[in-house]
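Q: Have a look at this one before I ask anything.
The values are calculated or read from the model by the stated rules, or taken from the named source; none is laboratory data. Only a predicted model underlies this, so the values are computations on that prediction, with no experimental measurement involved. No Cβ is skipped: glycine too gets one built from the backbone with ideal geometry, and neighbour counts run over all protein chains shown. Heavy atoms of the whole protein, side chains included, go into the accessibility calculation; ligands, DNA and RNA do not. Shrake-Rupley method; radii C 1.70, N 1.55, O 1.52, S 1.80 Å.
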Amino acid sequence: QKEVEQNSGPLSVPEGAIASLNCTYSDRVSQSFFWYRQYSGKSPELIMSIYSNGDKEDGRFTAQLNKASQYVSLLIRDSQPSDSATYLCAVTDSSGAGSYQLTFGKGTKLSVIP
Amino acid sequence: EAGVAQSPRYKIIEKRQSVAFWCNPISGHATLYWYQQILGQGPKLLIQFQNNGVVDDSQLPKDRFSAERLKGVDSTLKIQPAKLEDSAVYLCASIGGRTSGRSPYTDTQYFGPGTRLTVL
């Protein structure tokens, strides 16, 4: 049974600070890693994807992947109140049939305090 | 490009009643997913279709849930009879899949707005 673990939070950071969100996964064959943002009452929206070890930066967002430690993180620099949402970590692999299924964590609720 | 469409957006029923949800994926997307998201949890996959065939329904409670995608485009998910624990948001998502020519590992799953089901 594949598992994706996240701290449920809430994580509170002041506006302008760096928010750090963490995720661990159980399945070593996981190949692709995603961070989704979900505002209350809305559907998940992809904000970052990462496929190889190291860092990937996109604007104020940086995803970090360490496959040896089975760990993926998301850093949000210069946090804004509009970043307040639940952040879902998701991983996928190939079942061999190329079924491309996402396994989600429970999400971390982030609150950015003005 | 139009997004994933779902209806209804909200549904309230009593336990033991039946309910159906509808999803229309992004045009041309071969792969369609139904997820169940209970409050405070991440989405959980119920069933995956590739065109009009089922790829994986191992997590679908088949004694009460059914789903179909007869013409390989839109899909319906049905619950009959509903239980209190079925209260959740039901999300539909789609990706282009291998037929799009892109790697499935880099395709983005696009989610619809979801249907919020309340079972009383």
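Q: Taking segment A:1-26 as the search range and keeping residues that are open to solvent by 20 Å² or more (accessible area, probe 1.4 Å) and in a strand (DSSP E or B), which one is farthest from B:Lys44 (Cα to Cα)?
A: Among those that are open to solvent by 20 Å² or more (accessible area, probe 1.4 Å) and in a strand (DSSP E or B), it is A:Pro14.
Q: Pick from segment A:63-101 the residues that are under 23 Å from B:Phe111 (Cα atoms), hydroxyl-bearing (Ser, Thr, Tyr) and modelled with pLDDT of 95 or more: which of them is most open to solvent (accessible area, probe 1.4 Å)?
A: A:Ser82
Q: Could you tell me whether segment B:78-100 includes any residue that is closer than 20 Å to A:Lys2 by Cβ, within 11 Å of chain A (Cβ to nearest Cβ), at pLDDT 90 or above and not in a loop (DSSP other than H, G, I, E, B)?
A: Within segment B:78-100, one or more residues are closer than 20 Å to A:Lys2 by Cβ, within 11 Å of chain A (Cβ to nearest Cβ), at pLDDT 90 or above and not in a loop (DSSP other than H, G, I, E, B).
Q: Being on the phi > 0 side of the Ramachandran plot and modelled with pLDDT of 95 or more is true for just one of B:Arg64, B:Arg16, B:Arg9. Which residue is that?
A: Details: B:Arg64 fails: on the phi > 0 side of the Ramachandran plot; B:Arg9 fails: on the phi > 0 side of the Ramachandran plot.
Only one candidate passes the filter, namely B:Arg16.
Q: Additional query: Cβ-Cβ distance below 8 Å, separation of 6 or more or different chains: which pairs start in segment A:41-63 with a residue that is in a loop (DSSP other than H, G, I, E, B) and end on one that is of a type in the set (Phe, Trp, Tyr) and surrounded by fewer than 19 Cβ atoms within 10 Å (Cβ to Cβ)?
A: Hits for this filter: A:Tyr51/B:Tyr105.
Q: Applying the selection to segment A:32-50, what residues are open to solvent by 70 Å² or more (accessible area, probe 1.4 Å) and within 9 Å of another protein chain (Cβ to nearest Cβ)?
A: Across segment A:32-50, the qualifying residues are A:Lys42, A:Glu45.
Q: What's the total number of residues in segment B:5-60 that are within 10 Å of another protein chain (Cβ to nearest Cβ), outside any loop (DSSP other than H, G, I, E, B) and either surrounded by 17 or more Cβ atoms within 10 Å (Cβ to Cβ) or of a type in the set (Ser, Thr, Tyr) (or both)?
A: Residues flagged as within 10 Å of another protein chain (Cβ to nearest Cβ), outside any loop (DSSP other than H, G, I, E, B) and either surrounded by 17 or more Cβ atoms within 10 Å (Cβ to Cβ) or of a type in the set (Ser, Thr, Tyr) (or both) within segment B:5-60 amount to 10.
Q: Answer with yes or no whether A:Val29 is in contact (Cβ under 8 Å) with a residue 40 or more places away in the chain, open to solvent by 10 Å² or more (accessible area, probe 1.4 Å) and within 11 Å of chain B (Cβ to nearest Cβ).
A: no
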